[in-house]
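The values are calculated or read from the model by the stated rules, or taken from the named source; none is laboratory data. Everything numeric here is computed off the predicted structure, so don't read it as measured data. Backbone-built Cβ (ideal geometry, glycine too); neighbour counts: all protein chains shown.
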């Protein structure tokens, strides 16, 4: 073993045979030759209470070098590596702007705990304490997301050989088990019964603002997401075949009319073409005629980008905000006397429930909604079909009683 062992910062002097100042042992050893420069490579370690402990650490280091498992840990701070990881994360996969924003938010939540710590110095118990503290301030789903991001950051640091050990490896989030009462009262996503939907659409037709009726008719008859609706362009509508192609979604977190992006749908299966009712096609044809008249009236002021649901005031031609759809629905719910807890996404759930009631199989419903698998859809489907089975049983009982 080429190297030296010594007490670092010892002030006792060479003439003293015994150290009384409490200085710790350290070592400097050779670990080979730098292939780029040909110069010898040395590593230092310190902070050992005894010479035996320093020698054991040196032997372990040399063993790692010999077996090519040695990692020269980086001094990089968490605050410097986390943004680097996010850039790599975006490069390695197709990431939507919304996902990037979520990951940035989760990194920000970790910064108060680790920002100025070196990656190699962050220990498992420190990370676990941080997660426990976050649990006191945030909802379980939020903490789960933060932990997921933390795991990805440290796994990438391991992959890049910046650290030896992953402090997140054995940190597990314990999920609270639901009580029997909670399982009995499992929340069914909010949706409208068919009579309520009919009332809502009637209100939209008679008392709705401009475009309200085609907006909410399309949402409720297709089950598409609001972002998919807002992103629709006229070449997505096939008026002859009565189909709508859904291949993009609208993203505009700052609600800036002219600064929006169109991205691919939520998942691979979200890109789809669905058949629609004559009622929807007729409403869209009327909207298209109305839009053509507005274009002629506004002339060059209309920024024609071929959007179906386009603004006609303030930046005419640009797509409406998803927030506009939410606000319009809130207004119509009040006018209809329906629950104000319903949202545009509730129309997606409504579409699911009515398809289930029409005895459409779950696989076809999921394909129409653009899902490969979805617990919420299955929950609604089971709830509706359970009620149908109950009604069928009641009809059977009534039939048998009529015989006797």
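Please count how many residues of the stretch 311-331 are within 28 Å of the chain's Cα centre (by Cα) and either outside the structural domain of residue 210 (by TED's automatic domain parsing) or not in a helix (DSSP H, G or I) (or both).
4
Which of the residues spanning the stretch 114-144 are in a loop (DSSP other than H, G, I, E, B) and under 23 Å from the mean Cα position of the chain (by Cα)?
Within the stretch 114-144, 138, 139 meet the criteria.
Please determine whether any residue of the stretch 289-298 is in contact with a strand residue (DSSP E or B) (Cβ under 8 Å, 6 or more places away or on another chain), surrounded by 12 or more Cβ atoms within 10 Å (Cβ to Cβ), over 22 Å from residue 370 (Cβ atoms) and in the same structural domain as residue 252 (by TED's automatic domain parsing). Yes, some residue in the stretch 289-298 is in contact with a strand residue (DSSP E or B) (Cβ under 8 Å, 6 or more places away or on another chain), surrounded by 12 or more Cβ atoms within 10 Å (Cβ to Cβ), over 22 Å from residue 370 (Cβ atoms) and in the same structural domain as residue 252 (by TED's automatic domain parsing).
If the condition is being under 17 Å from residue 322 (Cβ atoms) and in contact with a helix residue (DSSP H, G or I) (Cβ under 9 Å, 6 or more places away or on another chain), then the stretch 241-259 contributes 246, 248, 249, 250, 251, 252, 253, 255.
Scan the stretch 198-206 and tell me whether some residue there is crowded, with 20+ Cβ neighbours inside 10 Å, assigned to a strand (DSSP E or B) and either without any contact (Cβ under 8 Å) to a residue 40 or more places away in the chain or in the same structural domain as residue 98 (by TED's automatic domain parsing) (or both).
No, the stretch 198-206 has no match at all.
Reported count of residues in the stretch 281-320, each being free of Cβ contacts under 8 Å to residues at least 40 places away in the same chain, under 11 Å from residue 257 (Cβ atoms) and touching a helix residue (DSSP H, G or I) at 6+ places or on another chain (Cβ under 6 Å), is 1. Filter the stretch 214-241 for residues that are crowded, with 21+ Cβ neighbours inside 10 Å and farther than 17 Å from residue 368 by Cβ and give the result. Listed by number, the residues that qualify are 214, 215, 216, 230, 231.
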